[in-house]
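Contents: one structure, followed by commentary.
The values are calculated or read from the model by the stated rules, or taken from the named source; none is laboratory data. From a predicted model like this one, the values you see are computed outputs, not experimental measurements. Glycine gets a Cβ as well: all are built from the backbone with ideal geometry, and neighbour counts include every protein chain shown. All accessible areas refer to the heavy atoms of the entire protein, side chains included, with ligands and DNA or RNA removed. Shrake-Rupley method; radii C 1.70, N 1.55, O 1.52, S 1.80 Å.
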Amino acid sequence: MSPEWIELATDRSPNDPLAPGTEEFRVVYRAELPRLVRLAHLITGSNSAAEDVVQDAFVAAYRQWDRIDDPRGYIYRAVVNRSRSHLRRRRLELSTTLDQPTVALPPEVDETWEVLNRLPARRRTALVLRYYLDLPVGEIAVLMDARPSTVRSLIKRGLESLRRRLEP
């Protein structure tokens, strides 16, 4: 995803009420974009969906930038929530569609992703946040709007499911 859209979106007149936070927004955007796209990709399983999710989250944040207390936290929560919404929509679409094209990956990657994709969305999200972003349980709980004990349980059950399905 290229940052051209952000340049256009932040090219505003000085009379625009959102103009004062524009530079801070650009800094956060440039600093967090790659990590957020990777995070959304790991949750959604699709790079194009990840880019859309992240762009939508930044657009929504930009509209109320001057009212957000914790911009990075807001963006991360928005990306996680939008990624989960994408998974719900995709699951509904898949349940109504018969034939889906498959992508050929190396066997170990293909098998791992297949198993990861079969996990419930909350378990998958918890695992990605914990083991890909290396976030502590407390931060994951905030991002997922859950209790820390729930997050620990989701991680434990997700790992158990992965182990059971990946064991030879």
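Out of all the residues in region 151-168, which are open to solvent by 50 Å² or more (accessible area, probe 1.4 Å) and assigned to a helix (DSSP H, G or I)? Show your work before the answer.
Let us first name the residues in region 151-168 that are open to solvent by 50 Å² or more (accessible area, probe 1.4 Å), namely 152, 156-157, 160, 163-168.
Once the filter is applied, which keeps residues that are open to solvent by 50 Å² or more (accessible area, probe 1.4 Å) and assigned to a helix (DSSP H, G or I), region 151-168 yields Arg152, Lys156, Arg157, Glu160, Arg163, Arg164, Arg165, Leu166.
Quick check on region 141-168: of everything there that is over 19 Å from Arg88 (Cβ atoms) and of a type in the set (A, V, I, L, M, F, W, C), which residue is farthest from the chain's Cα centre (by Cα)?
So the residue we want is Leu166.
Given (1) more than 22 Å from Glu23 (Cβ to Cβ); (2) at pLDDT 90 or above, identify the lone condition not met by Tyr76.
The single condition Tyr76 does not satisfy is (1).
Let's see how each residue does on (1) modelled with pLDDT of 90 or more; (2) part of a helix (DSSP H, G or I); (3) within 23 Å of Ala141 (Cβ to Cβ); (4) not assigned by TED's automatic domain parsing to the domain that holds Leu119:
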site	(1), (2), (3), (4)
Glu7	no, yes, no, yes
Asn15	no, no, no, yes
Glu24	no, yes, no, yes
Tyr29	yes, yes, no, yes
Leu33	yes, yes, no, yes
Ile43	yes, yes, yes, yes
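Can you find a residue that is without any contact (Cβ under 8 Å) to a residue 24 or more places away in the chain, hydroxyl-bearing (Ser, Thr, Tyr) and part of a helix (DSSP H, G or I) anywhere in region 118-130?
no
Condition first: modelled with pLDDT of 90 or more, within 17 Å of Arg38 (Cα to Cα) and open to solvent by 60 Å² or more (accessible area, probe 1.4 Å). Now tell me which residues in region 102-133 satisfy that.
Of everything in region 102-133, just one residue is modelled with pLDDT of 90 or more, within 17 Å of Arg38 (Cα to Cα) and open to solvent by 60 Å² or more (accessible area, probe 1.4 Å), namely Arg130.
What pairs can you find where one residue is in region 46-61 and within 10 Å of Arg82 (Cα to Cα), the other is small (Gly, Ala, Ser) and open to solvent by less than 60 Å² (accessible area, probe 1.4 Å), and their Cβ atoms are less than 6 Å apart, with a gap of 6+ or different chains?
Filtered contacts from region 46-61: Ala50/Ala40; Val53/Ala40; Val53/Ser83; Val54/Ala40; Ala57/Ala78.
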